[in-house]
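Here is the structure we will look at, set down as structure tokens.
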């Protein structure tokens with residue numbers, strides 16, 4: 001009956017008859033509650049964006065409109081939300097391996113295989129320890145400072161290993177090699193100033209290369225020795241031939257000088273002889289011509305038989321020509337008998 005009275009009450013009232021079920025009024029004060037909740041959430045966000053914490057062995061870089069500033073003190077710090085940004089940097093000692101994979105210990109031959117000063121191959125593994133010394137430069141001076149450090153380390157390692165013999169690398173020279181490599185890396189890092197500091201570098205292992213590499217090295221070493229032998233033989237031959245050639249050249253020059261002197265002296269004597277002969281020729285032309293003829297014939301044909309015929313039919317045989325002048329007394333161009 002109660003339900004019927006309620007139904008009648010709503011249907012008898014025209015205003016109540018036309019109302020919908022969704023037009024129920026909200027409780028008073030609900031909007032204030034929602035606003036308070038939103039305000040709390042926004043406030044929490046602002047608070048979270050206004051503070052940051054730096055732990056031990058950690059530094060931060062506070063960036064304000066593109067300007068970076070290092071924050072080195074550990075603890076709670078404040079910043080302007082949505083305007084200032086914070087980037088944290090780990091300043092603990094970190095490291096990486098060269099020549100092997102640190103997680104599996106597998107050899108990385110491209111990094112470990114090196115050549116020594118005595119042209120031997122060797123596999124050497126290193127471990128590099130570093131830390132961030134300047135967080136601003138570590139973040140903004142270069143894109144990958146750790147990769148730069150690794151490249152510098154590899155370059156310095158190869159330079160130093162290449163200046164030592166293989167025995168020193170494998171045995172007694174490790175400490176000296178490590179110290180020299182460390183000094184070289186520190187110098188190059190100071191030149192580049194990328195915000196990273198080298199802590200230490202150590203040789204983990206040093207051993208001869210694989211058998212295949214050893215065979216290739218032996219072939220190269222054999223070719224090198226053959227080349228050195230050929231060069232030494234060539235130098236030996238050159239050292240032997242150059243003195244002999246110089247001696248032969250000196251001999252030829254001396255013979256030429258002697259021949260020159262001899263020819264000059266001979267020419268001088270001939271000139272003197274010709275001058276003397278010419279002086280006699282001027283005095284006795286015919287006799288001089290005759291004597292010159294006989295002397296020439298004696299020189300050219302020493303065994304020639306000469307027959308002299310006089311005007312009265314008598315003949316005289318003279319062999320050789322030289323006796324013709326056997327009776328020369330007063331003058332070299334006169335004979336004892338002028339007849340015939």
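The values are calculated or read from the model by the stated rules, or taken from the named source; none is laboratory data. None of these values were measured; they are calculated from a predicted model. Reconstructed Cβ throughout: ideal geometry from the backbone, glycine too, with neighbour counts over all protein chains shown.
A quick yes/no check of all residues on (1) farther than 30 Å from residue 95 by Cβ; (2) assigned by TED's automatic domain parsing to the domain that holds residue 100; (3) at pLDDT below 90:
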site: 145; (1), (2), (3): no, yes, no
site: 170; (1), (2), (3): no, yes, yes
site: 178; (1), (2), (3): no, yes, no
site: 192; (1), (2), (3): no, yes, no
site: 196; (1), (2), (3): no, yes, no
site: 199; (1), (2), (3): no, yes, no
site: 245; (1), (2), (3): yes, no, yes
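Name the one entry in 92, 104 that is out of contact with any helix residue (DSSP H, G or I) (no Cβ under 9 Å at 6 or more places or on another chain), assigned to a loop (DSSP other than H, G, I, E, B) and modelled with pLDDT of 90 or more. Step through it out loud before you land on a result.
Details: 104 fails: modelled with pLDDT of 90 or more.
From the options 92, 104, the qualifying one is 92.
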If you take the residues in segment 107-133 that are in contact with a strand residue (DSSP E or B) (Cβ under 7 Å, 6 or more places away or on another chain) and in a loop (DSSP other than H, G, I, E, B), which one is modelled with the lowest pLDDT?
-> 108
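Would you confirm whether any residue within segment 120-128 is more than 17 Å from residue 203 (Cα to Cα) and either touching a residue at least 24 places away in the same chain (Cβ under 8 Å) or in the same structural domain as residue 204 (by TED's automatic domain parsing) (or both)? Break it down stepwise before answering.
First pass over segment 120-128, keeping only residues more than 17 Å from residue 203 (Cα to Cα): 120.
Within this subset, residues satisfying the condition of being either touching a residue at least 24 places away in the same chain (Cβ under 8 Å) or in the same structural domain as residue 204 (by TED's automatic domain parsing) (or both) are 120.
Yes: segment 120-128 contains one or more residues that are more than 17 Å from residue 203 (Cα to Cα) and either touching a residue at least 24 places away in the same chain (Cβ under 8 Å) or in the same structural domain as residue 204 (by TED's automatic domain parsing) (or both).
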For segment 195-209, what are the residues that are surrounded by fewer than 18 Cβ atoms within 10 Å (Cβ to Cβ) and in a loop (DSSP other than H, G, I, E, B)?
-> 208
Kindly check whether there is at least one residue in segment 293-305 that is touching a residue at least 12 places away in the same chain (Cβ under 8 Å) and touching a strand residue (DSSP E or B) at 6+ places or on another chain (Cβ under 7 Å).
-> yes
Listed residues 238, 273, 263; which is under 30 Å from residue 118 (Cβ atoms), in a helix (DSSP H, G or I) and modelled with pLDDT of 80 or more?
-> 238
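For segment 142-149, state whether one or more residues are in contact with a helix residue (DSSP H, G or I) (Cβ under 8 Å, 6 or more places away or on another chain) and assigned to a loop (DSSP other than H, G, I, E, B). Before you say what the answer is, go through the steps one by one.
We begin by selecting, within segment 142-149, every residue in contact with a helix residue (DSSP H, G or I) (Cβ under 8 Å, 6 or more places away or on another chain); these are 142, 145, 148-149.
Applying the additional criterion that residues be assigned to a loop (DSSP other than H, G, I, E, B) yields 142.
Yes, segment 142-149 has at least one match.
Per-residue answers, yes or no, for (1) closer than 19 Å to residue 202 by Cβ; (2) exposed (fewer than 14 other Cβ atoms within 10 Å of the Cβ):
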| site | (1), (2) |
| --- | --- |
| 92 | yes, yes |
| 101 | yes, yes |
| 105 | yes, yes |
| 111 | yes, no |
| 131 | yes, no |
| 142 | no, no |
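Assess whether residue 322 counts as being surrounded by 10 or more Cβ atoms within 10 Å (Cβ to Cβ) and at pLDDT 80 or above. I'd like the intermediate steps shown before the answer.
Numbers: surrounded by 10 or more Cβ atoms within 10 Å (Cβ to Cβ): yes; at pLDDT 80 or above: no.
No, not satisfied.
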Strands (runs of 3 or more DSSP E) within segment 32-89 that include 1 or more residues under 55 Å from the mean Cα position of the chain (by Cα) and loosely packed, with under 11 Cβ neighbours inside 10 Å = 67-71, 75-78
